[in-house]
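Below: the structure, in C-alpha cells.
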Amino acid sequence: MVRLYPKMVYQPPARQQPPLAKSALACLLSLSVVCTPLWAQPAAAPSIGSSSSAELSPALERKLGEAIMVQGRRDPTYINDPDFNQYLENMGRRLGANAPGGAPQIEVFGVRSPEINAFAMPGGFIGVHTGLIVASGSESEVAGVVAHEIAHVTQRHIARGLTQQRQSGHIALAAIAGALLAALIPGGGQAAMGIAAFGQAAAIDRQLGFSREAEQEADRNGVEMLRKAGYDPNGMAAMFGRLTNAASLNEGRGGGAYASTHPLSLQRMTDMQNRIRQFGPARPQNEDEFWFIRAKARVLQAVEPRALRQAAEQLEDEARAATQREGGAPSVARRAAAWYGMSLAALARQDAAGAAKALAQAQALVPNSPYMDLQRIDIDMAGRQYASALTLAQAAFKRWPQRRSFALRIGQNLQALGRDREAATFLQAQIKRWPTQEPDFFKMLAMSQDRLGESVESRQTMAMYYEQLGALPSAFTQLQQARTMSKDFYVQSQIDVQLRALSDRIAEDRRLLERFRS
C-alpha cells in the first residue's frame, strides 16, 4: 500500500478541477492510503498469509474499502473516464482471474496525479496514478505494479496490518471509522473531513511499511499472475527497476513515491529475475491501446494551462522520437497515440481547430481506433454540433459495441438536442445491459425523466445512482422525496420496501464500522 490521491470525475481536461481542491475524500484517503504504511505489516511480523487476519473477515474488509471509496469518488483527482476505467478494469479482471488461490472482487481505478505511484486499499480497491502510467515503457510494466498490489490484497497483508493496528491500540482505525460513520449521516461530510484530518496527523507520525517477507511474497504471486494472464513477467522487474531509479534521481521531489514505500532490495530483484527466467520467452502482446491510454493519462494529469502546453510539447517530442525508431507497427501506434494526445491537449485548451488538425495526423497513421472516433465526437460537441456528434456516436457504437463511452455520448447528444424521450429509452436499455458498470447512465436518465415531468421516477432513478456510488444516505433522501411526491398507493408501498432495505443497510454499515471505533 502506498500514497493515495483519490480519483476525479472525468470531463474533457479543460473543465476539470485542479487537484489542490481537498474534499472530505482527500483527507480521508490521505489517512487511509496516503499513510497506508499505518496499515502495513510491521517488519517483525512472523507470518505471511491470511491466518493472522482472521479477525477481519473479507466481507468486513470489503465494506471498509467500499466506505472509503464512497468518499473517494467525490475527490477531484478521481478519474471517471469510461475508456480509462474500462482499460484498468479489464487489466485488473485479467490479473485477478489468475491470482494464486483466486482473488476477491478487484476494482482498479485511475488517480490524476503526476506522482509515480499506485496503492491497494482494503477490499480489493486498487488505485493507479496517471504518473505511473506515463512513466511506464510498456503495458506489462503497469500490469506488473497492479499484479503486485493485487497480491497484497489476496495474501491479506492489508487485513493483517489493520488487525494489528487495532490490537496495538493505535488511533488510526478509530479515526477512519469515525470519519466513515460521520459520512453515513446526511450532512455529515464536514464532520467526516475533520475526523479524517485528525487521524492523518497521527498516521503521518508513524511510518510503517510492509515487511520484506510480505513484499517478496507479493513479488512472487505478482509474477505468476503476469505470466498466466499473458503479460510479459519481465514487466514487473523492469518497472520496479525504473521506479528505483526514479526514487534516487528525484529524492524529495515525489518522483519515487512508490519505490519509497516498496523499497526494492537486491535480494528481491534477484529472486524476481530468477523466477522470471524459469518461465521462458513471454508471449507477445498487442499494446496499441496502452499507448493511447498513456497519452490520455499525460493530458489528464495536466490541469493547468501551462501544464497542458508542456504535455503537448512532450507528446510532440514523443511523436518525433517514434518516427525515428525502427520496428514498424509499435512505432506507428506510438506516433498515432502521441498525435491523439496532442489533440486532447488542444481541446482541453478550447482550441477545437488545433484539436482537429492533430487528430487528422493521428488518423492518417491509425484510421481505425475507438479513441480517435471518440475524440472526433468530442470536438463536434465542443462546437455544439450535436446532430453531427450524435450521428458519429451512433456509428461508432455499432463498430465498438463494448465501449460504454459511445453509449454515454449518444445519451448526451440526444439530451443536448432536446430528445429526452429517446434519450430515456436508450439509457434504460444501457442500464439493462450494464446494470452496475456505469452509474452515470442513472444520473443521465434521471435528468431526462425530470425534464419529461416524471418527477417521482426521476428521484427513484437518482436513488439508484447514489446507491451505485455507495452513498446510501443520499439514496435514502431521494426515495423519501419520491414517496412524498407520489399519490399512487402501489408506488408508495414499493418505495417503503426500498426505504426499509436501505435503512437496514445503513444500520449494518454503522455496526460494522463501530467495531473499528470501539
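Please give me, ordered by residue number, the trypsin sites (Lys or Arg not before Pro) of the range 340-390 that lie in loop per DSSP and have at most 13 other Cβ atoms within 10 Å. It would help to have the intermediate numbers written out before the result.
Numbers: sites: Arg349, Lys357, Arg376, Arg384; in loops: Arg349, Arg384.
In loop regions of the range 340-390 (DSSP not H, G, I, E or B), the sparsely surrounded trypsin sites (Lys or Arg not before Pro) are Arg384.
Hey, what do the phi angles of the range 364-380 turn into as Karplus ³J(HN,Hα) couplings, whole Hz, using 6.51/-1.76/1.60 and θ = phi - 60°, x for Gly and Pro?
Couplings: 5, 8, 10, x, 10, 8, x, 5, 5, 4, 5, 5, 4, 5, 5, 5, 5 Hz.
How do 113-126, 405-418, 387-400 rank on mean C-beta neighbours within 10 Å, highest first? Provide the component values of the computation, followed by the final result.
Values: 113-126: 25.8, 405-418: 20.9, 387-400: 17.8.
Per-residue Cβ counts within 10 Å, averaged per peptide and sorted highest first, yield 113-126, 405-418, 387-400.
Using a 1.4 Å probe, what is the accessible area per residue for the range 403-518, in Å²? Before the final figure, lay out the partial values.
Values: 5770 Å² over 116 residues.
Here the per-residue accessible area is 50 Å².
Once amide H atoms are built 1.01 Å from N in the peptide plane, which residues 5 or more positions from Gly383, or in another chain, come under 5 Å H to H?
none
Quick one: the Cα spread of the range 47-156 along its three principal axes, in angstroms, biggest first?
38, 30, 22
For the range 394-518, what are Rg and Dmax over the alpha carbons, in angstrom?
Calculated on Cα positions, Rg and Dmax stand at 16.8, 56 Å.
Looking at the range 325-460, I'd like the Rg to Rh ratio, where Rg is from alpha-carbon atoms and Rh is Kirkwood's inverse mean 1/r.
Working: Rg = 17.0 Å, Rh = 16.1 Å.
Reported Rg/Rh, Kirkwood definition of Rh: 1.06.
The values are calculated or read from the model by the stated rules, or taken from the named source; none is laboratory data. Note that this is a predicted model, so its numbers are computed, not measured. Cβ coordinates were reconstructed from backbone atoms using ideal geometry, including for glycine residues, and neighbour counts include every protein chain displayed. Note: accessible area is taken over every heavy atom of the protein model, side chains too, but ligands, DNA and RNA are not part of it. Shrake-Rupley method; radii C 1.70, N 1.55, O 1.52, S 1.80 Å.
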